[in-house]
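**Q** The structure is given below, and queries will be raised subsequently.
Every number here is computed from the coordinates shown, using simple stated rules; none is lab data. Bear in mind the structure is a predicted one, so any value in this text is a computation, not a measurement. Reconstructed Cβ throughout: ideal geometry from the backbone, glycine too, with neighbour counts over all protein chains shown.
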Amino acid sequence: MTIRIQSITTRIINHPLHPHRIIVAHVGRHALSEFLEVVVRDTDGAQGYGEAATTAMWSGETARTAQWMVEQCFAPLLVN
């Protein structure tokens, strides 16, 4: 079975934390979580979803750098 990927799209989702879940540490205040949503569609119409939970202060990864990796590095190799 061969799957042909038609498109890969991304969008950044900003999710504010509830006040009682905000984290304050020596590296800063974490009050907003950024996620990257990834949607992969094949030529038969099937869709798959994925996400990257990014927090630059903890991992060094931002939603924008994850989006760049998907759009500029992975998608050109995978989309038929």
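**Q** Where Rh is the Kirkwood radius over the Cα pairs of the chain, the temperature 37 °C and the viscosity 0.692 mPa s, what D in µm²/s does Stokes-Einstein return?
**A** It diffuses with D of about 232 µm²/s by this estimate.
**Q** Which length gain, in nm to one decimal place, applies between ASN14 and ALA53 when the Cα-Cα distance is subtracted from 0.36 nm times their residue separation?
**A** Length gained, ASN14 through ALA53: 13.0 nm.
**Q** Right, next: Along the charge dipole of the chain, which of MET1, PRO19, GLN72 sits closest to the positive end, that is, farthest toward it, with unit charges on the beta carbon of Lys, Arg, Asp and Glu (+1, +1, -1, -1)?
**A** It is PRO19.
**Q** Starting from the Cα of ALA31, step 7 Å along the direction of its Cβ; do the same at ILE3; then give the gap between the two resulting points in nm.
**A** 4.1
**Q** Hey, another quick one. So, with +1 on the Cβ of K and R and -1 on the Cβ of D and E, and no other charges, what is the size of the charge dipole of the chain about its Cα centre, to the nearest 20 debye?
**A** 200
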